[in-house]
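The values are calculated or read from the model by the stated rules, or taken from the named source; none is laboratory data. Bear in mind the structure is a predicted one, so any value in this text is a computation, not a measurement. With ideal geometry, Cβ positions are generated from the backbone for all residues, glycine too; neighbour counts draw on all protein chains shown.
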Amino acid sequence: MAHNELTFTPDPDPESISSDVASFGGVMVSTQIPTRADGSLELGGITEQSECTLQALKVALERAGSSMDRVMHLTIYLTDMADRAAFNEVYKRFFSQPWPVRAAVGVASLAVEGMRVEVTAMAAKG
């Protein structure tokens, strides 16, 4: 999809059918799953999955010219809301005050069996 006012940063995985980041008018949107630096999925515990997911978000935003401290909104999808406290402990290592606006949503499942967390973020460019 090519639009002059929209910019898409492709996911580095050649098999992916999603961009890592899309931007419009200085606002960027990224969705990330628990992907390790080598591209494989982390399907261990919620702490490990949360770390990989937020690290993947950090890398994607930086590749597109933004950063974690420019995140304005984060939607967190969890397959078990009991994992929220553990996710929050990891979250506090990646974000600081003023905290992004955020929502945690419980879902029945995610795209891959065993995946427990996914995030969508909106960030300012620059």
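For the reader, a short list of remarks on this structure follows.
- Check on Met1, at pLDDT 95 or above and in a loop (DSSP other than H, G, I, E, B): no
- Single residue of the stretch 11-30 satisfying the filter (assigned to a strand (DSSP E or B) and modelled with pLDDT of 75 or more) that is surrounded by the most Cβ atoms within 10 Å (Cβ to Cβ): Ser30
- Annotation note: of Val59, Val117, Val112, the sole residue that is of a type in the set (Val, Ile, Thr) and over 14 Å from the mean Cα position of the chain (by Cα) is Val112.
- Filtered by the rule that a residue be aliphatic (A, V, I, L, M), surrounded by fewer than 16 Cβ atoms within 10 Å (Cβ to Cβ) and farther than 21 Å from Glu89 by Cβ, the stretch 42-74 gives a lone residue, Met72.
- Residue, nearest to Val29 (Cα to Cα), within the stretch 78-106, restricted to residues that are in a loop (DSSP other than H, G, I, E, B) and in contact (Cβ under 8 Å) with a residue 12 or more places away in the chain: Pro100
- The residues of the stretch 31-77 that are free of Cβ contacts under 8 Å to residues at least 40 places away in the same chain, part of a helix (DSSP H, G or I) and among the small types (Gly, Ala, Ser) amount to a single one, Ala56.
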